[in-house]
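Right, one structure below, let's go through it.
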């Protein structure tokens, strides 16, 4: 039989082992059955009982040390605290359901790696380094592994959890093994992808000519959808959450405002942008045609039984892009926002070049710094105009444009060009 340890006593009842940890009642110690993992009853093996007694005693001593020396006021395991963290974030009303789903996925991965019952104070930076290496090897579902930028998001979600843990006394002040990591994966700095004005015109023409397959999940209004992206510069969630009432043909404006479908990213995201002539033409035809929305959303999901947001555009974008000569995955909604910015910077305002600050406000930024550093692009082809528009007839002299247009028309039928 194992010898008595200081602060704990091993005793037996009906042939089963129990531990008396009442000397550590201040950190949850009591009389407890010594049950090995995977079993439901206390062990009857003296060797195993002694090992379990020592492990539990070590755990209680660690809790007391944290409480007395480090000021940790509560017991917190990773899985339990992660669940509390998500619930409190949801109740705050400051995050979207999409954000919560993403963070839940990130934290679930951390729980699986570190262990559901791991104390937050027991996870150190060396283990976080191993976790980072583990994340870099995870399949991203597209035939590759997670990028540095994606891994950084996984780490940020755990780091945010530790910030809450500090504020609630679950870890010592300043304790954050993620923040202490020396070399965090970082997204590679490079110029974002965007389209020249003539390329955007070709893409928009491809959408106009495209006829989706007879599939209940197919989006039948890709032309107006792409037109809104290219002619407003809206973020993906902003565009997909637009309501019919946000379009004013009288005032010639498009308004991005929070609604029941989605919130906006920042306070400056609530804004009004011009309803450019080309977009007005497209939307007038769309709203009076057979695919006009039946509810409040301007561009609802194709599932008509219940109005909702479109959740995935990638396959539809690939279908259009391939017809115009791009490869699958090359055209995504974020680059359309950059394209609008580049095209808008080429416009004039009362005869003078438009102010970058004006463009920044239309993008929902509080200042022009992001336009200068990230969103502003200088193309090889200058196209000064009073308005933002992408019409194929304006770019027939661009080298190679006629050839791509000819191929597109052969693939898309003999519809007249805009």
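Side notes on the structure shown:
- Across segment 282-308, the qualifying residues are those that are touching a helix residue (DSSP H, G or I) at 6+ places or on another chain (Cβ under 7 Å) and surrounded by 17 or more Cβ atoms within 10 Å (Cβ to Cβ), and the one among them that is nearest to residue 389 (Cα to Cα) is 282.
- Of all residues in segment 271-281, none satisfies being assigned by TED's automatic domain parsing to the domain that holds residue 316, more than 24 Å from residue 348 (Cβ to Cβ) and buried (at least 19 other Cβ atoms within 10 Å of the Cβ).
- Unique residue being out of contact with any helix residue (DSSP H, G or I) (no Cβ under 9 Å at 6 or more places or on another chain), under 30 Å from residue 277 (Cα atoms) and in the same structural domain as residue 264 (by TED's automatic domain parsing) when the list is 205, 243, 211, 238: 243
- Residue, modelled with the highest pLDDT, within segment 280-295, restricted to residues that are part of a loop (DSSP other than H, G, I, E, B) and closer than 18 Å to residue 229 by Cβ: 293
- Here residue 186 clears all of (1) surrounded by 14 or more Cβ atoms within 10 Å (Cβ to Cβ); (2) at negative phi except the condition numbered (1).
- Candidate set from segment 162-177 (those that are in contact with a helix residue (DSSP H, G or I) (Cβ under 6 Å, 6 or more places away or on another chain) and not in a loop (DSSP other than H, G, I, E, B)); member that is farthest from residue 370 (Cα to Cα): 165
- Selection count where residues are modelled with pLDDT of 90 or more and surrounded by 14 or more Cβ atoms within 10 Å (Cβ to Cβ), scope segment 17-35: 9
- Listing of helices (runs of 4 or more DSSP H) fully contained in segment 197-254 that carry 1 or more residues being modelled with pLDDT of 90 or more and more than 21 Å from residue 308 (Cβ to Cβ): 197-209, 222-232
- Boolean, residue 180 is within 30 Å of residue 315 (Cα to Cα) and either assigned to a helix (DSSP H, G or I) or out of contact with any strand residue (DSSP E or B) (no Cβ under 8 Å at 6 or more places or on another chain) (or both): no
- Taking the numbered list (1) touching a helix residue (DSSP H, G or I) at 6+ places or on another chain (Cβ under 9 Å); (2) at pLDDT 95 or above in turn, residue 193 passes all entries but (2).
- Residue 14 passes every criterion in (1) modelled with pLDDT under 90; (2) surrounded by fewer than 12 Cβ atoms within 10 Å (Cβ to Cβ); (3) outside the structural domain of residue 134 (by TED's automatic domain parsing) apart from (1).
- Matching option when the condition is over 30 Å from residue 261 (Cα atoms) and outside the structural domain of residue 329 (by TED's automatic domain parsing), among 109, 117: 117
The values are calculated or read from the model by the stated rules, or taken from the named source; none is laboratory data. Since the model is a prediction, treat every value here as computed from it, not as a measurement. Don't worry about glycine lacking a Cβ; one is built from the backbone with ideal geometry, like all the others, and counts go over all protein chains shown.
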